[in-house]
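Below is one structure; the comments refer to it alone.
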Amino acid sequence: MESPLLQSPGAVRADAPDQEVAAHYGEPSQEQRALEAGTAFVDRSNRGVVRVSGPDRLSWLHSLLSQQLDGLAPFEPTEALLLSPNGHIEHHLYLVDDGEAVWAHVEPGTSASLVQFLDRMRFMLRVEVADVSADYAVITGPPQGEGLAWPDVSGTETRIVPRADGFPEDLRPAGIWAYEALRIAAYRPRAGLDTDHRTIPHEVGVVETAVHLNKGCYRGQETVARVHNLGRPPRRLVFLHLDGSVDRLPGQGDQVEIRGGRTVGVVGSSARHHELGPIALALVKRNVPVDAELLASGIAAAQEIVVSPDTGANAQITLRRRPAGHARP
């Protein structure tokens with residue numbers, strides 16, 4: 001659903017997957033500063049909104065998603081993942097229960113597939129699933145202290161609001177570029193931009209926020225448990241400080257190389273931060289040295305660790321060795 005704010009003076013349409021909202025309104029850097037200062041809001045109404053009602057909703061979602069949801073208190077915000085049977089991230093949900101229903105917002109264009117999957121899993125349980133994206137919108141701005149809300153980057157708050165209520169009139173609009181720059185600087189990956197069809201939770205650092213490691217069975221749990229206890233993931237998320245003398249940003253999916261020309265990963269999100277300059281997130285092979293200088297689409301980049309190469313492998317394994325002098329039977 002295209003945002004009416006795209007008709008505002010100075011509005012510039014964002015690129016996919018955010019083409020239904022504005023990238024900026026003519027002053028990207030000032031919009032970013034205003035968002036941090038609490039005097040602006042970001043229209044994120046292209047995100048999908050899903051509502052799950054019924055008395056069995058929490059225990060049912062608890063059995064499907066990666067988070068501990070059984071007994072979730074009203075208006076306690078949380079995150080959860082829907083994983084494939086092999087443990088790959090399919091949906092990243094931001095959840096809150098209002099006492100009558102669970103509300104979730106998800107990436108643009110993904111709510112229909114999420115609802116389709118959930119509908120197939122209802123069986124005889126007392127739950128109802130609805131895609132309410134046409135009636136509710138997602139916005140990010142200064143905290144309001146009530147409603148369907150989640151703490152977000154740089155002191156902001158993300159809320160689900162009725163579309164009929166319109167947008168805040170006492171705040172200036174900031175484009176999605178402003179939010180994305182603050183998100184990237186906060187090391188927060190975005191599903192579909194910083195992940196691909198092979199991404200597992202440990203690779204992008206969402207285990208701490210969206211996975212409960214001590215809960216019971218859910219789809220994809222075996223992969224999460226195996227990596228957490230025994231093995232390291234094949235890739236890791238890094239934050240990139242890009243060469244500011246280059247007048248372009250790397251694109252999503254562009255190659256990351258180690259000096260010498262060997263490809264070691266791909267770029268995810270990139271942005272221009274009002275203080276840090278050009279920045280990006282990327283997925284690289286786990287064995288890339290943490291101090292290695294990288295090239296992102298040919299642009300020199302210094303990396304900061306987001307996910308440690310030693311993530312996982314938490315089990316203490318004692319090797320059984322034969323006493324000296326004992327031959328193999």
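Residues in the range 224-236 that are touching a Ser or Thr at 6+ places or on another chain (Cβ under 9 Å) and closer than 18 Å to His62 by Cα: Val224 only.
When Ile184, Ile200, Ile176 are checked against the criterion of being over 23 Å from Glu157 (Cβ atoms), in contact (Cβ under 8 Å) with a residue 40 or more places away in the chain and of a type in the set (A, V, I, L, M), a single residue qualifies: Ile200.
Of the listed requirements (1) under 24 Å from Trp150 (Cα atoms); (2) in the same structural domain as Leu171 (by TED's automatic domain parsing); (3) more than 22 Å from the chain's Cα centre (by Cα), Ser29 misses just one: (1). Looking only at residues of the range 123-180 that are over 23 Å from the mean Cα position of the chain (by Cα) and part of a helix (DSSP H, G or I), we find that the one that is surrounded by the fewest Cβ atoms within 10 Å (Cβ to Cβ) is Ala164. Comparison of Glu275, Glu208, Glu293, Glu257 shows that the only residue that is more than 21 Å from Trp177 (Cβ to Cβ), over 20 Å from the mean Cα position of the chain (by Cα) and either surrounded by fewer than 14 Cβ atoms within 10 Å (Cβ to Cβ) or aliphatic (A, V, I, L, M) (or both) is Glu293. In the set Arg183, Arg198, Arg188, only one residue is part of a loop (DSSP other than H, G, I, E, B), in contact with a Lys or Arg (Cβ under 9 Å, 6 or more places away or on another chain) and under 30 Å from Gly265 (Cα atoms); that residue is Arg198. Here Pro77 meets each of (1) in the same structural domain as Glu169 (by TED's automatic domain parsing); (2) modelled with pLDDT of 95 or more; (3) not basic (Lys, Arg) with one exception, condition (1). In the range 272-293, what residues are out of contact with any Gly (no Cβ under 8 Å at 6 or more places or on another chain) and part of a strand (DSSP E or B)? Of everything in the range 272-293, those that are out of contact with any Gly (no Cβ under 8 Å at 6 or more places or on another chain) and part of a strand (DSSP E or B) turn out to be Arg272, His273, Ile279. Taking the stated definitions as given, is Leu114 part of a helix (DSSP H, G or I), crowded, with 17+ Cβ neighbours inside 10 Å, of a type outside the set (Asp, Glu) and within 19 Å of the chain's Cα centre (by Cα)? Considered against the rule, which asks whether it is part of a helix (DSSP H, G or I), crowded, with 17+ Cβ neighbours inside 10 Å, of a type outside the set (Asp, Glu) and within 19 Å of the chain's Cα centre (by Cα), Leu114 comes out as yes. Determine, yes or no, whether Ala101 is of a type outside the set (Asp, Glu), touching a helix residue (DSSP H, G or I) at 6+ places or on another chain (Cβ under 6 Å) and buried (at least 16 other Cβ atoms within 10 Å of the Cβ). Criteria not met by Ala101. Considering the conditions (1) crowded, with 21+ Cβ neighbours inside 10 Å; (2) in a loop (DSSP other than H, G, I, E, B); (3) of a type in the set (Gly, Ala, Ser), Gly109 is excluded by exactly one of them, (1).
The values are calculated or read from the model by the stated rules, or taken from the named source; none is laboratory data. For clarity, every value in this text was computed on a predicted model and none was experimentally measured. For neighbour counting, all protein chains shown are included, and Cβ atoms are generated from backbone atoms with ideal geometry for every residue, glycine included.
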